[in-house]
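Novice: After the structure tokens below, expect a handful of questions from me.
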Amino acid sequence: MVFLTTAGGAANYGGIIMMLIFIGFFYFLVIRPQKKKEKQIQEMRNNLKVGDEIITIGGIYGRVVKVKDEMVTIEVGADRNKIDVTKWAIGSVTNKKDDSSDNKSDKEKNNK
């Protein structure tokens, strides 16, 4: 077999450089955004408070009644049934209860 090389074996570095570029693109386009999203979801689950309206990953809409370390009790339906779910089962918070926004909306109503 005959291997074609350029002066000093520069062709050997071309493959390594291309592989490093590919790994860099893969990191910035796939891995980094996924880690950022996971961090936001974990932060959302850790900041749950009583009164927050949530949607579980199974599609159940409810309002948080009690928060423990890894368990959350939610109230669902017109009958106000209570369901215990783990924090990882919470998909999103639809209406975050925020005291400061309530105060702002009260002030706006009084000003009008």
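The values are calculated or read from the model by the stated rules, or taken from the named source; none is laboratory data. Computed from a predicted model, the values in this text were never measured in an experiment. FYI the Cβ positions are ideal-geometry reconstructions off the backbone, even for glycines, and counts take in every protein chain you see.
Novice: Does residue 51 satisfy the criteria of being loosely packed, with under 11 Cβ neighbours inside 10 Å, modelled with pLDDT of 90 or more and not in a helix (DSSP H, G or I)?
Specialist: no
Novice: Would it be correct to say that residue 23 is under 17 Å from the mean Cα position of the chain (by Cα) and modelled with pLDDT under 95?
Specialist: Spelling it out, it is not the case that residue 23 is under 17 Å from the mean Cα position of the chain (by Cα) and modelled with pLDDT under 95.
Novice: State which residue pairs qualify: first residue free of Cβ contacts under 8 Å to residues at least 60 places away in the same chain and inside segment 58-82, second residue of a type in the set (Asp, Glu) in any location, beta carbons under 6 Å apart, and separation of 6 or more residues or different chains.
Specialist: 62/75; 63/53; 63/75; 64/52; 65/75; 71/84; 73/84; 82/75
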